[in-house]
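Contents: one structure, followed by commentary.
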Number of protein chains: 2
Amino acid sequence: MKLMVTGGAGFVGARLVRALLARGELQGRAIERIVIADQAAPPADLAADVRVEVRTGPLLSQVGALKDEAFDGVFHLASAVSGECEADFDLGLRSNLDTTRALLDALRARVEAGHAPARLVFSSSVAVFGPDASVPLPALVTDTTLPAPQTSYGTHKLVCEHLIADWTRKGFVDGRSARLMTVAVRPGRPNGAASSFFSGIIREPLAGEEAICPVDDTVSHPLTSVRATVDGLITVYEASREAFGGRLALNLPAVNVTVRQMLDALEAVAGPAVRARVRFERDERIAGIVAGWSRGATAERAAALGLRPEPDFATIIRQYIDDHAAHPTALRGLQ
Amino acid sequence: MKLMVTGGAGFVGARLVRALLARGELQGRAIERIVIADQAAPPADLAADVRVEVRTGPLLSQVGALKDEAFDGVFHLASAVSGECEADFDLGLRSNLDTTRALLDALRARVEAGHAPARLVFSSSVAVFGPDASVPLPALVTDTTLPAPQTSYGTHKLVCEHLIADWTRKGFVDGRSARLMTVAVRPGRPNGAASSFFSGIIREPLAGEEAICPVDDTVSHPLTSVRATVDGLITVYEASREAFGGRLALNLPAVNVTVRQMLDALEAVAGPAVRARVRFERDERIAGIVAGWSRGATAERAAALGLRPEPDFATIIRQYIDDHAAHPTALRGLQ
């Protein structure tokens, strides 16, 4: 089978491709080719795999070609992040809305040319939820909580969920939208996401550096590991439509923790000196964005697919250390 | 002030323009000009008003020009109807999604050129609601019911609600989405909407013609009069943002009735011979679409704005007769 992973050079995307290559199969069929479509080049180990084909460049210009090319499935992860979209409205529209529409148009054109619909897993986000003056945000957002996005990023994710649901209803694609929780601990440098600090306050202290936390330690958020996220995406791909349960998006599992609980876990894993490297310095812009986010989430439909959250945040920190122990530069924030 | 009414030549649009012209003001400001943008020509009485400017042609080609033209407010009613969108997917995308996006892009360009944001009332629809395998449709849909559109029409309405909410958040427009209930009794001939029969089973018998009802008489649906709909649109336009309450769409008021109750009301108003002109002949395509629709609705936010549903469906029938008594051809379905 032939797959495409958009955003396949990114943090989650590269881990997904690595997991798919390690499995060698999906739905019991051998994976012969994975096309990584990304603006950036993927890690060298992925590019070196004979099954991988790398296509580097803006996705919007790439997806039109898909109407003439057969794919069994697409993992659509490519996305500008929330902070970027708040700063540059056009970037968000182009990267997160217009690109997905163009992808859907191309996949539909294949079906209208007589081919079977491709399976599509879309990485939506917990950022679809938020409070509105007309409806409060519940303590925990569920699969059926009314979305009320507070950012352009969340708006475009929600819009794409519904376009994919309608394309699926019409048989133009076999689409499944999964709402990713905030993935931590991300390696490397901070990115433009307003949620970047959720990784930074763990990663930088572990690397011996000071980290700034821009929000109060009472802030609570649904977090997840990259391992659980990759597991979730693959499970959602392989699920039957009946097991997936409808056309609306589902939540992937989360560990609901406060910043204080995160730092308690950091101290438990790495000691008080590491924790002491986190300094609180409120950033009103980031705190304002985060105030509109979910404080926690449940994932009942994902649980029915056998997906479980990590047992606690300390487990996620230990995974991060294990994953990057062979690459100590990552722990130094230099990768 | 200068207003645009897209779809201003349609049934609801023309009634809205007529009401605005009769008032002469909106938000306490004199209405100097109303631009009717529609594919079709408006009724002669509207075109004859010196305050009205008619622009006939596809809206998608018209809205780009709005970036160079000042409007205080826009009522965006233009839309392909549900049955048309199911039959022609591209028509729905172009008419209901791409046109709204182009309108929003043009209004944003005005703001980025230094002008005040235009007020925008968007006619969304009760068609955003539906059952999904993951969540049942409640007996009555409320302002905060989770939308799960079952048609492309409903999908595009919901998507536009969220785009308008995000444009509003960014200050590019002062947008308010109001979900119209199914408007009956529409004069004239049946249109392509799957809901067309809700008018037909009243209008045709009153005109001495036989009507076919394509669904069982137990089917329940939230209906409203054109008068209440026009009232709702104007009230939503004039509401302060605080009174409107958030950026999510609100439901306009409905009378929740079964087909049997509609026919009972017809008999009460016009007699048993008129009711006897309705024949039941199930149409699986229409019954299938209608099965995914709401059986009734509430409108709490609209009530807080002072909007009330008509007291009963018989009142709506009497309004229809009053409105068209001067035009007996309408009662014969010839208009």
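In nanometers and ordered shortest first, the copy-to-copy spacing of the A:Ala65 label point, defined 7 Å from Cα toward Cβ, is 4.0. Identify which of B:Val255, B:Val219, B:Val141 has the largest mean-square fluctuation in a Gaussian network model of chain B, with springs joining Cα atoms closer than 10 Å. For chain B, modelled as a Gaussian network with Cα springs under 10 Å, the answer is B:Val219.
The value given for region A:1-100 is a Kirkwood hydrodynamic radius of 13.9 Å, derived from the mean inverse Cα-Cα separation. Highest GNM mean-square fluctuation among A:Ala47, A:Ala165, A:Ala113, for chain A modelled with Cα contacts below 10 Å: A:Ala113. Both the radius of gyration and Dmax for region A:2-331 are 19.2, 63 Å, in that order, over alpha-carbon atoms. Hey, with R₀ at 41 Å, roughly what FRET efficiency would A:Asp68 and A:Ala304 work out to, going by the Cβ-Cβ distance, to 0.05? In this case the efficiency is close to 0.60.
The distance between label points at B:Arg260 and B:Met1 comes to 4.6 nm (points 7 Å beyond Cα on the Cα→Cβ vector).
Structural descriptor for chain B: relative contact order 17 percent, calculated from alpha carbon pairs under 8 angstrom and at least 6 residues apart. Across the options A:Ser195, A:Val278, A:Leu252, the greatest Cα extent toward the positive end of the charge dipole of region A:2-331 (unit charges at beta carbon of Lys, Arg, Asp, Glu) belongs to A:Leu252. Based on alpha-carbon atoms, the Kirkwood radius and the radius of gyration of the protein assembly as shown give Rg/Rh equal to 1.01.
Modelled spin-label separation between A:Thr218 and A:Glu53, with each label point placed 7 Å from Cα along the Cα-to-Cβ direction: 5.5 nm.
Under a 5 Å amide H cut-off, with hydrogens placed 1.01 Å from N, A:Val52 pairs with A:Ile34 among residues at least 5 apart or on other chains. Among A:Gly171, A:Ala265, A:Cys213, which residue has its Cα positioned farthest towards the positive end of the charge dipole of chain A, with +1 placed on the Cβ of Lys and Arg, -1 on the Cβ of Asp and Glu, and the dipole taken about the Cα centre? Value computed over the given set: A:Gly171.
Summarising the overall dimensions of region B:59-180 from its C-alpha atoms, the Rg and Dmax are 15.1, 47 angstrom.
DSSP finds beta bridges in chain B, and of those with both partners inside it, around 20 percent are antiparallel.
Between A:Leu20, A:Pro131, A:Phe89, the Cα set farthest toward the positive side of the dipole of chain A (charges on each charged residue's Cβ, about the Cα centre) is that of A:Leu20.
Each distinct pair of alpha carbons in region A:183-335 adds a 1/r term; the inverse of their mean, the Kirkwood radius, is 16.3 Å.
Cβ-Cβ distance of B:Arg169 and B:Thr142, R₀ of 22 Å, FRET efficiency by 1/(1 + (r/R0)^6): the value works out to about 0.45. Out of the DSSP beta bridges found with both residues in the protein assembly as shown, what percent are antiparallel (nearest 5)? Among the beta bridges of the protein assembly as shown, antiparallel pairing accounts for roughly 20 percent. Kindly write out, for region B:203-220 in residue order, the coupling ³J(HN,Hα) from the Karplus curve 6.51 cos²θ - 1.76 cosθ + 1.60 (θ = phi - 60°), rounded to whole Hz, with x marking Gly and Pro. Result, ordered by residue: 5, 5, x, 5, 8, x, 9, 6, 10, 9, 9, x, 10, 5, 6, 8, 4, 10 Hz.
Each other copy places its own label point for A:Glu238 at 6.1 nm from this one, sorted shortest first, where the point lies 7 Å along the Cα-to-beta carbon line. Plainly put, the tip 7 Å out from Cα toward Cβ on A:Val54 is 6.2 nm from that tip on each other copy, the closest given first.
Return the single residue from A:Val52, A:Val135, A:Val63 with maximal mean-square fluctuation; model: Gaussian network over chain A, springs between Cα atoms under 10 Å. Among A:Val52, A:Val135, A:Val63, the largest GNM mean-square fluctuation belongs to A:Val135.
In debye, nearest 20, what is the charge dipole magnitude of the protein assembly as shown about its Cα centre with +1 on Lys and Arg Cβ and -1 on Asp and Glu Cβ, if you could check?
On the way: 72 positive and 78 negative charges, 7 e Å.
My answer is approximately 40 debye.
For region B:96-225, a crude dipole built from +1 on the beta carbon of Lys and Arg and -1 on the beta carbon of Asp and Glu, taken about the Cα centre, is about 580 debye to the nearest 20.
Given charges of +1 on the Cβ of Lys and Arg and -1 on the Cβ of Asp and Glu, with all other atoms neutral, how large is the dipole of region B:2-331 about its Cα centre, in debye to the nearest 20?
560 debye
Just so you know, all these numbers are worked out from the coordinates, no wet-lab data involved. Remember, it's a predicted structure, so these values are computed and weren't measured experimentally. For neighbour counting, all protein chains shown are included, and Cβ atoms are generated from backbone atoms with ideal geometry for every residue, glycine included.
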